[in-house]
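Below you'll find the structure, written out as structure tokens, and then a few comments.
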Amino acid sequence: MQILCPFDELPENGAKGFRISAQSLAADILVARRDGRIYGYRNVCPHRHTTLDWLPDQFMDPSGEYLQCATHGALFRLEDGLCIAGPCKGQRLTPVTVAVHDDMVVLLSE
Ligand code: FES
């Protein structure tokens with residue numbers, strides 16, 4: 001189990017990136033929050049395997065409804081990582097297992 005951040009630091013209808021490997025220069029995973037639930041994914045777009053964020057912690061589309069890939073604009077549902085528009089429509093982000101323990105967001109497995 002790896003502690004990522006306090007639950008309060010995760011914005012509602014937003015997402016935050018985390019470097020979990022010392023070798024990484026960018027966030028390896030992202031954790032999104034909606035309606036008090038959290039969802040974790042690898043920060044890798046299924047289209048060209050780039051990171052999703054265009055700036056640190058900038059994962060959402062302008063409407064705040066979907067995760068968006070900065071490279072070609074694919075949109076992904078927070079709840080299940082399904083791409084609903086863009087060049088990888090029908091593919092999914094790779095989930096990681098996250099949870100909230102003692103008001104902290106933790107990574108349980110990659
Ligand atoms: S690399 Fe993400 S949509 Fe193309």
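The values are calculated or read from the model by the stated rules, or taken from the named source; none is laboratory data. Predicted, not measured: the structure shown is a model, and the values here were computed from it. Neighbour counts run over all protein chains shown; Cβ positions are idealised from the backbone, glycine included.
Odds and ends about this structure:
- Residue match in the stretch 1-11 (condition: surrounded by 13 or more Cβ atoms within 10 Å (Cβ to Cβ), farther than 11 Å from VAL105 by Cα and in contact with a strand residue (DSSP E or B) (Cβ under 6 Å, 6 or more places away or on another chain)): no
- Residues located in the stretch 78-89, provided they are surrounded by 17 or more Cβ atoms within 10 Å (Cβ to Cβ) and either aliphatic (A, V, I, L, M) or over 19 Å from PHE18 (Cα atoms) (or both): LEU78, CYS83, GLY86, CYS88
- Test: LEU4 is touching a residue at least 60 places away in the same chain (Cβ under 8 Å) and not in a strand (DSSP E or B): no
Residue-wise test of (1) farther than 13 Å from ARG33 by Cα; (2) at pLDDT 95 or above; (3) β-branched (Val, Ile, Thr); (4) surrounded by 19 or more Cβ atoms within 10 Å (Cβ to Cβ).
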{"position": "TRP54", "(1), (2), (3), (4)": "yes, no, no, no"}
{"position": "GLU65", "(1), (2), (3), (4)": "no, yes, no, no"}
{"position": "ALA70", "(1), (2), (3), (4)": "yes, yes, no, no"}
{"position": "ALA74", "(1), (2), (3), (4)": "yes, yes, no, yes"}
{"position": "GLN91", "(1), (2), (3), (4)": "yes, yes, no, no"}
{"position": "VAL96", "(1), (2), (3), (4)": "yes, yes, yes, yes"}
{"position": "VAL100", "(1), (2), (3), (4)": "no, yes, yes, no"}
{"position": "LEU107", "(1), (2), (3), (4)": "yes, yes, no, yes"}
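- Filtered residue count, the stretch 46-82, keeping only those that are over 12 Å from the mean Cα position of the chain (by Cα) and either of a type outside the set (A, V, I, L, M, F, W, C) or more than 19 Å from ASP28 (Cα to Cα) (or both): 13
- Residue match in the stretch 18-34 (condition: of a type in the set (Val, Ile, Thr) and at pLDDT 95 or above): yes
- Flag for PHE7 being more than 16 Å from the ligand (Cβ to nearest atom), of a type outside the set (A, V, I, L, M) and closer than 23 Å to ASP103 by Cα: yes
- When the criteria are applied in full, GLN58 meets the requirement of being polar (S, T, N, Q), closer than 14 Å to ALA15 by Cα and away from the ligand (no atom under 13 Å from the Cβ).
- Within the stretch 24-52, the only residue that satisfies the criterion of being away from the ligand (no atom under 13 Å from the Cβ), buried (at least 21 other Cβ atoms within 10 Å of the Cβ) and in a loop (DSSP other than H, G, I, E, B) is ALA27.
- Selection count where residues are more than 16 Å from the ligand (Cβ to nearest atom), touching a strand residue (DSSP E or B) at 6+ places or on another chain (Cβ under 6 Å) and not in a strand (DSSP E or B), scope the stretch 82-102: 0
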